[in-house]
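Here the structure is laid out as structure tokens; the discussion comes afterwards.
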Amino acid sequence: MVETLTPERTPARLCELSADARAAVLLDAAGSLAGASDDDPARARALGELARELFEAVDKATRDWEVEPPQQVEVQVPGGAVFASRTPRWTLAVVARRAALSSLMLWDLRAVLGELDGAPPIRRARPAGIGRGPATDEQAAVDLPLPELGGDGGDGEPR
């Protein structure tokens, strides 16, 4: 039975999915700490405050632009990277290794936020041949946790 993801468990879920994640926090819409992967409450609060300040700075820097506020942020520093993603209800931020691939970290953030909001859970990949019979196209389609990319307009051509 699949367990519903809770706000308290969300940062740890992100760290389970990504080998590059070092620590993560989840903030609610008010900017309050809702969950943390770190068991040290002081460190968790400090990381939560930094994540909140990061989006405040981004919002301030982009307020005169004629675009929606950024939903994702990536900051690279010599010792690592910070990635953050937000929805109207949640902000999820993660400190990662410097070598983390941006596209994968940001995808993981969005996927976990989606899972928190009720989307089906994403699964960890399993090595080929472990725990299953011969591979089939149908099984491969079920096993691949790929997002929908828009499909086609019925004529076989991408939209």
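The values are calculated or read from the model by the stated rules, or taken from the named source; none is laboratory data. Keep in mind it's a predicted model, so treat the numbers as computed, not measured. No Cβ is skipped: glycine too gets one built from the backbone with ideal geometry, and neighbour counts run over all protein chains shown.
Of Val77, Val94, Val142, Val73, all but one fail to be within 18 Å of Ala23 (Cα to Cα) and modelled with pLDDT under 90; the exception is Val77. Entry remark, the stretch 14-60: residues being among the aliphatic types (A, V, I, L, M) and under 25 Å from Leu101 (Cβ atoms) number 16 in total.
Let's see how each residue does on (1) assigned to a loop (DSSP other than H, G, I, E, B); (2) among the basic types (Lys, Arg):
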| residue | (1), (2) |
| --- | --- |
| Cys15 | no, no |
| Gly31 | yes, no |
| Ala42 | no, no |
| Arg52 | no, yes |
| Phe83 | no, no |
| Val94 | no, no |
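Apart from one condition, Ala19 fits all of (1) within 16 Å of the chain's Cα centre (by Cα); (2) in a helix (DSSP H, G or I); (3) surrounded by fewer than 19 Cβ atoms within 10 Å (Cβ to Cβ); the exception is (2).
The set of residues in the stretch 80-99 that are more than 22 Å from Asp117 (Cβ to Cβ) and surrounded by 14 or more Cβ atoms within 10 Å (Cβ to Cβ) comprises Gly80, Ala81, Val82, Val95, Ala96, Arg97. Of the residues making up the stretch 31-79, not one is exposed (fewer than 15 other Cβ atoms within 10 Å of the Cβ), hydrophobic (A, V, I, L, M, F, W, C) and in contact with a helix residue (DSSP H, G or I) (Cβ under 6 Å, 6 or more places away or on another chain).
Selection over the stretch 106-133 of residues that are at positive phi and either at pLDDT below 70 or hydrophobic (A, V, I, L, M, F, W, C) (or both) gives a count of 2.
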